[in-house]
Structures are given as structure tokens and as C-alpha cells.
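Just below is one structure, and these are the notes that go with it.
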2 protein chains.
Amino acid sequence: MIEPFDDTYFMKKALQEAEAAFEQGEIPVGAVITIDNRVIARGHNLTETLTDVTAHAEMQAITAASNFLGGKYLNKCTLYVTLEPCQMCAGALYWSQISKIVYGARDEARGCINLNTKLHPKTEISGGVLAEEASALMKRFFVEKRNLN
Amino acid sequence: MIEPFDDTYFMKKALQEAEAAFEQGEIPVGAVITIDNRVIARGHNLTETLTDVTAHAEMQAITAASNFLGGKYLNKCTLYVTLEPCQMCAGALYWSQISKIVYGARDEARGCINLNTKLHPKTEISGGVLAEEASALMKRFFVEKRNLN
């Protein structure tokens, strides 16, 4: 049987958010949060627009999901994010007790894996879903930015 | 010569913020951010009130300081916070490139020091300023909470 609501399906939604960030001149990272195969929150990086280093895609999606659920714990939720979360976002995910994190591209230098950020014991993490697409979008962003400066 | 604007002076302001959190039934942590011995941002923990795990004192102070300065980097700023920052807040401080972090009480279990959260190379960190006062307020909060339940 074909499962239409697989990780790729939801990562595509996160990629759409990343594309929205790109269009706004933001480093293109996007995220969605799901519960029972339903998207309950979306977010994309807005650090430039809001002049705020805390405005990462994941942070906004966590806030929006909590708002939707009326509770601050995201126990039954999955986060799909186009780039491996940084220390800040992984730290926020720790507090949220989220069930699952699925990322697209790795971030070797600033991602939570190499920096050993502690996740909640209830949280699973996996990656590589549509990683090439996420990575290609990032590269296009930085190439275009370089050519503009 | 007496320097009126020392770390204790600004930590008292952070403690006032922590007391405001206490009054609202929030885990009592408070923060202020200064530049040139002037407070430009304040914040206290609002995770319960906002139903949002990201609403730590430091996160709000970072957002407020960036808003005040009109820029997302806090290069010349000092954060005073009554409790050692967690991974999320230390991760946000990393991105902010803040010049100095001064905390009150240690947080051995969930603080950034024991969890090895990476700070920006430009950031100094020190602690222990009014640590007993910050710690006593936390203890009083948890004792009262236990008695209410």
C-alpha cells in the first residue's frame, strides 16, 4: 500500500517554507510541525526581516504549534525542517519534548549533531530527507547573494 | 573610586525581573541587557503565560535588545541573567555575538556549561553574581508550588 503522508510529503511542505524565506531574502530554511499526519504549524527563517537572531524557522514553528495545541509540550508531534537544527533550536526542541525531528540537509559546522546538543530522551532524530533539494536552495541563495554584493 | 554600575547593580535589575516572574507563577528567572552601562532590554520567564517553551527571560531580552538597537548583533552588550542560560538561550546568544554574559546561580543539570553549548568566540562568560539571592528565589518558588499541589 502506498502511504501518501510519508516524510518526503511533509518535507516538501517544509521546502515550500524555505522557498518563501528565499523570496524574502532570508537564508532559506523552512519547517513544519505535524500531528497525526496533519500540519499544525509552519515557519521560515525571518532573522533579517525581524532583525532578530532568534527568528529561526523551527522557533516560529514551535511557538505556532504550541499556540495551536494550547499546550507547550509537543509530545506527539514531528518537526520537519530543511536544515539540521542549530543549538538554539535543538535546545528549544529539548524543552518541547517533541516526539520526532526529521531534517533535510546536514549542517556540519553549526548543527546540533556535531555540537552535541542534548535532545530530550523522548525525541528521535533522523535526516537526509530531500537533503539535495534543501542544500541546492541554500547554495543558490549564497551564490546569488555573493553576486549582488 | 566607587563604581556604581557594577555587575551587582545590573544583576539586581535582573533579580527584579525574576521577582516579576515569580508573582506571575512563572519559574523565577529574569534578565536585562546593557550597553555602555545602560539597560536597553528586560525580560522574565513567561513560558506558562505564553504557553511557549521558547519564552525564556534571555530570549525575550535578546529580541528586545535587537529591537532597541535596530540590529540583530549584540556585540557591545552584556546580558545579566539570574540563572545560567540553558542550551537554547546559549545557542541564541551564540548567534547574537554578545560581548559578555553574567549569570547568577549555576544550573548544573540543564545549564550551558555542563552541556558544553558552544558560545561565540567573542563572548566572555562569568557567574556567581547574587547567586544566593537568585537561588533562594527559585527554591521559594518550588516550595510554594509543591505546597499548592
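Readers should treat all values here as calculations from the given coordinates under stated rules, not as data from a laboratory. All of these numbers come straight from a predicted model, not from anything done at the bench. Glycine also receives a Cβ, built like all others from the backbone with ideal geometry; neighbour counts cover every protein chain displayed.
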For this session: State to the nearest 20 debye the size of the charge dipole of chain A about its Cα centre, where the only charges are +1 on K and R beta carbons and -1 on D and E beta carbons.
Result: 320 debye
Problem set entry | Projected-area average for the protein assembly as shown over all orientations - Cα convex hull basis, square nanometres | 17.1 nm²
Problem set entry | Distant-in-sequence amide H partners of B:Ala41 (H built 1.01 Å from N, under 5 Å) | B:Ile33
Exercise. Cross-link list A:Lys118/B:Lys100; A:Lys13/B:Lys100; A:Lys76/B:Lys76; A:Lys122/A:Lys145; A:Lys118/B:Lys145: which exceed 32 angstrom alpha carbon to alpha carbon?
Worked result: A:Lys13/B:Lys100; A:Lys76/B:Lys76; A:Lys122/A:Lys145
Seminar exercise, completed: Quick calc, A:His120 & B:Ile113: beta-carbon distance into FRET formula, R0 25 Å, rounding 0.05, result 0.80
Problem set entry | Cleavage-rule hits, trypsin sites (Lys or Arg not before Pro), region A:94-149, DSSP coil, Cβ neighbours within 10 Å at most 15 | A:Lys122
Problem set entry | Compactness of region B:36-116, expressed as Rg and Dmax over alpha-carbon positions, Å | 12.2, 35
Exercise. Percent relative contact order of region B:7-142, based on C-alpha pairs within less than 8 angstrom and at least six residues apart?
Worked result: 22 percent
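With the alpha-carbon atoms as the only input, what is the per residue convex hull volume for chain A in Å³?
Spelled out: Cα convex hull of chain A, divided by residues, is 109 Å³.
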Problem set entry | Extension reserve of the B:Ser99-B:Asn67 stretch, reckoned as 0.36 nm per residue once the Cα distance is removed | 9.8 nm
Exercise. How about region B:19-123: which GluC sites (Glu not before Pro) there are in a DSSP loop, with at most 16 other Cβ atoms within 10 Å of their Cβ?
Worked result: B:Glu48, B:Glu108
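Among the complete DSSP H segments of chain B, which ones combine at least 15 Å of alpha-carbon extent along their axis with a mean Kyte-Doolittle hydropathy of 0.0 or more?
Qualifying helices, which must be both long enough and hydrophobic enough, are B:57-69.
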Exercise. Roughly speaking, what is the centre-to-centre gap between region B:37-58 and region A:7-56 when only Cα atoms are used, to the nearest Å?
Worked result: 24 Å
For this session: Report, ordered by chain and residue number, the aspartates and glutamates lying within cross-link reach of B:Lys139, taken as a straight Cα distance under 17 Å and ignoring same-chain residues fewer than 8 apart.
Result: B:Glu17, B:Glu19, B:Glu23, B:Glu26, B:Glu84, B:Asp107, B:Glu108
Exercise. Separation between the B:Glu23 and B:Thr8 pseudo-spin-labels, each 7 Å from Cα along Cα→Cβ, expressed in nm?
Worked result: 2.5 nm
Exercise. Can you give me the pair-distance distribution of region A:77-126, C-alpha pairs, 5 Å bins, whole percents?
Worked result: 5, 25, 37, 26, 7, 0
